[in-house]
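The values are calculated or read from the model by the stated rules, or taken from the named source; none is laboratory data. Everything quoted here is computed from the prediction, not taken from an experiment. Here the Cβ positions follow ideal geometry from the backbone for every residue, glycine too, while neighbour counts run over all protein chains shown. What goes into the accessible areas is simple: the full protein's heavy atoms, side chains included, and nothing from ligands, DNA or RNA. Shrake-Rupley method; radii C 1.70, N 1.55, O 1.52, S 1.80 Å.
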Amino acid sequence: MQLTFELPLRANRSEVWAAMSTVGGVNRELAPFVRMTDPTHGAPFDAEPWRVGAPVSWQLVLGVIPVDRHRIKLVALPEGSGFRESSSSWWHRVWWHERILLDDPGGCVVRDSVEIEPKLGVVAPIVAWAVRWMFRRRHGYLRRQFG
């Protein structure tokens, strides 16, 4: 399944990138329902810990209950324009997420594109619902932060 979510913001691209380019930034978008562990201890997505190997992050419901384990391959795009992530996990054969930050006269536009293939096809409708819900929450947080 492929899903795309787009959000115009009144902040410039570099301001938004600074706020969302670490696991801590992602966790602020996901809170309070989900938290990811940070195998890089706060490294920005364009720093070396993300370029070497494939760090492992746990997804924790309510910040404490482990529900998935992701081996993350992440590439930051040039000049704070976003990232591309591909992960393998317990639940997904394919998890691919690209977040692009596009300049816009009023600020910038955040575009999240996700491609997902659950390991069990029967759960695809539930996964689609959960991912839509999660990105609505994430974009809601960004809208509150940046207008």
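Summary table below
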quantity	calculated
Choice from Leu77, Leu102, Leu62 showing the highest fluctuation, given a GNM over the chain with Cα pairs closer than 10 Å	Leu62
Square roots of 5 times each gyration tensor eigenvalue, C-alpha, the stretch 90-135, largest first, Å	28, 11, 6
Accessible area (Å², per residue) of the chain, counting only protein heavy atoms and a probe of 1.4 Å	53 Å²
Size-normalised alpha-carbon gyration radius of the stretch 65-147, reference 2.2 N^0.38 Å	1.22
Candidates Val122, Val114, Val75, ranked by Gaussian network fluctuation over the chain, Cα under 10 Å, top entry	Val122
Semi-axis lengths, Å, the chain, gyration tensor of Cα atoms, sqrt of 5 times eigenvalues	23, 18, 15
Loop sites in the stretch 3-81: trypsin sites (Lys or Arg not before Pro), DSSP, at most 16 other Cβ within 10 Å	Arg10
Carbon plus sulfur fraction of accessible area for the chain, probe 1.4 Å, in percent	58 percent
At least 15 Å along the helix axis (C-alpha) and Kyte average at least -1.0, DSSP helices within the chain	124-146
Most mobile listed residue (Phe83, Phe33, Phe135) in the chain, GNM with C-alpha springs under 10 Å	Phe33
